[in-house]
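The values are calculated or read from the model by the stated rules, or taken from the named source; none is laboratory data. The model shown is predicted, which means the values in this text are computed figures rather than measured ones. Here the Cβ positions follow ideal geometry from the backbone for every residue, glycine too, while neighbour counts run over all protein chains shown. Side chains are part of the model used for accessible areas, which takes the heavy atoms of the whole protein and leaves out ligands, DNA and RNA. Shrake-Rupley method; radii C 1.70, N 1.55, O 1.52, S 1.80 Å.
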Amino acid sequence: MTKTILAVDDSASMRQMVAFTLKGAGYEVIEAVDGQDALDKANHYKVNLVLTDINMPRMDGLKLLEMLRQLADYKSIPILMLTTESSNDIKAQGKAAGATGWLVKPFDPKRLLEVVHKVIG
Amino acid sequence: MIKLDFKRKWANFMFAGMVLVFAVIQVYWLFANDASIMHVLSIFTSIGLFLVLIILAISRREKPIKMQGEIKTDAVKESLPFTSVTIGNVDADEYFYSIKNELDQAERLVSDAVNNLVLNFNYISKLTSAHHNMVLAIEKMAAPADNKPILKLLRRQMETADKIEQELAAAVTSLQFGDLVTQLLNHTTNQVDELNLALQRIDRKSNSGSRGKSLDEIHHGISKAVVAAKEKNKRKPVVQQGMGMGEVELF
């Protein structure tokens with residue numbers, strides 16, 4: 001069965017690059033433009049993995065992470081942060097809020113797929 | 001402002017001179033005629049007034065004056081034409097506005113370039129995929145099992161298609177530059193905005209005071225404005241110096 005990934009980023013080019021990589025490997029990809037959009041879509045679709053940016057308008061990635069972890073369906077769903085941010089402070093915040101992993105941009109498609117395979121098979 | 005200060009200083013000197021002349025005439029009158037108590041009082045008043053005017057004129061000479069973005073003493077300013085030093089807040093606002101416009105322009109250019117590159121990327125990706133499938137189809141349908149030259153050619157076609165796909169995957173990493181640059185430009189725009197606002201606040205405060213600000217006070221105000229602007233944009237969203245792959249960590 002095809003696994004579904006929710007890709008959240010306010011940059012259209014980033015969403016396209018993520019979608020290109022994941023679709024090429026056979027995943028279904030749902031795109032969201034910010035945290036709020038992602039939260040709405042997370043409630044409508046059954047998602048196997050969330051891949052989210054941090055710096056976004058309306059709702060940032062860390063807030064989205066907190067909100068998703070409060071939903072029963074997303075307590076154990078892997079949530080990967082894909083961001084330009086790499087400071088230890090913000091990583092610690094993400095980890096404390098329940099992030100599964102941290103990927104710093106720019107991502108390498110091969111490496112992204114390895115991580116995705118590892119967390120959702 | 002400078003013109004006014006310059007005139008005021010010389011008016012003080014001239015008026016002091018006139019008061020001195022008046023005092024001298026009164027002293028002469030005192031000795032030439034009968035002295036009255038009113039005469040003596042008038043002489044002391046004139047001398048007092050003379051001293052006050054002289055002190056005022058001298059103290060006005062080196063008083064620092066804050067001028068939009070730079071500090072100069074009257075002595076320096078007097079050597080400049082009046083028009084060159086009457087800079088107002090509007091000029092600073094316009095300057096900040098033009099910086100912001102240029103940053104916006106850079107962001108639009110980057111965004112436009114990235115959109116075009118992504119379109120090209122998608123098109124090449126589709127062509128490559130179609131080419132790949134076509135080679136596979138030819139291999140299955142048209143190539144006789146014993147026709148080694150055709151099989152060799154098809155294998156080479158397949159290798160070329162694979163190489164193109166590898167290059168496309170590498171382009172995925174490079175094409176993320178748009179996101180990094182846009183975030184950095186937004187951060188810079190916010191810093192410029194914050195600095196402009198903080199400087200405007202300092203400027204308003206210094207203009208609302210009745211006395212002129214000293215050089216130290218103005219420096220302190222500018223430092224405070226810079227610190228406030230920095231504090232609001234402390235977290236730099238992009239620290240990458242190149243387009244190499246970022247680190248990966250699983251918790």
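So the values come out like this:
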| read-out | value |
| --- | --- |
| Checking A:N43 against (1) at positive phi; (2) away from chain B (no Cβ under 14 Å), the condition it does not meet | (1) |
| Contacts under 6 angstrom Cβ, first residue in the stretch B:29-52 being under 19 Å from B:M18 (Cβ atoms) and at pLDDT 70 or above, partner in a helix (DSSP H, G or I) and open to solvent by 60 Å² or more (accessible area, probe 1.4 Å), 6 or more apart | B:S46/B:F22; B:F50/B:L20 |
| Selection count where residues are assigned to a loop (DSSP other than H, G, I, E, B), more than 12 Å from A:V18 (Cβ to Cβ) and open to solvent by less than 10 Å² (accessible area, probe 1.4 Å), scope the stretch A:100-121 | 0 |
| Residue identified as closer than 19 Å to B:Q183 by Cα and either of a type outside the set (S, T, Y) or open to solvent by less than 80 Å² (accessible area, probe 1.4 Å) (or both) among B:L127, B:L103, B:L136 | B:L103 |
| Enumeration of residues in the stretch A:65-98 that are farther than 26 Å from A:G26 by Cα, hydrophobic (A, V, I, L, M, F, W, C) and more than 12 Å from chain B (Cβ to nearest Cβ) | A:M67, A:L71, A:A72 |
| Options B:L184, B:L119: the member that is assigned to a helix (DSSP H, G or I), crowded, with 18+ Cβ neighbours inside 10 Å, hydrophobic (A, V, I, L, M, F, W, C) and at pLDDT 80 or above | B:L184 |
| Residue count for the stretch B:169-192, restricted to those that are more than 7 Å from chain A (Cβ to nearest Cβ), over 19 Å from the mean Cα position of the chain (by Cα) and among the hydroxyl-bearing types (S, T, Y) | 1 |
| Filter result for the condition that a residue is within 14 Å of chain B (Cβ to nearest Cβ) and within 27 Å of B:V239 (Cβ to Cβ), over A:G35, A:G101 | A:G101 |
| Failed item in (1) out of contact with any Asp or Glu (no Cβ under 8 Å at 6 or more places or on another chain); (2) closer than 28 Å to A:G101 by Cα; (3) open to solvent by less than 40 Å² (accessible area, probe 1.4 Å), with B:T173 passing the rest | (1) |
| Test: A:V33 is open to solvent by 60 Å² or more (accessible area, probe 1.4 Å), touching a Pro at 6+ places or on another chain (Cβ under 9 Å) and free of Cβ contacts under 8 Å to residues at least 60 places away in the same chain | yes |
| Residue list for the stretch A:58-86, filter: farther than 18 Å from B:D179 by Cβ and of a type in the set (S, T, N, Q) | A:Q70, A:S76 |
| In the stretch A:5-30, the residues that are surrounded by fewer than 20 Cβ atoms within 10 Å (Cβ to Cβ), in contact with a Leu (Cβ under 8 Å, 6 or more places away or on another chain) and closer than 22 Å to A:M59 by Cα | A:V29, A:I30 |
| Considering residues of the stretch A:64-86 that are open to solvent by less than 50 Å² (accessible area, probe 1.4 Å) and not aliphatic (A, V, I, L, M) only, the residue farthest from the chain's Cα centre (by Cα) | A:S86 |
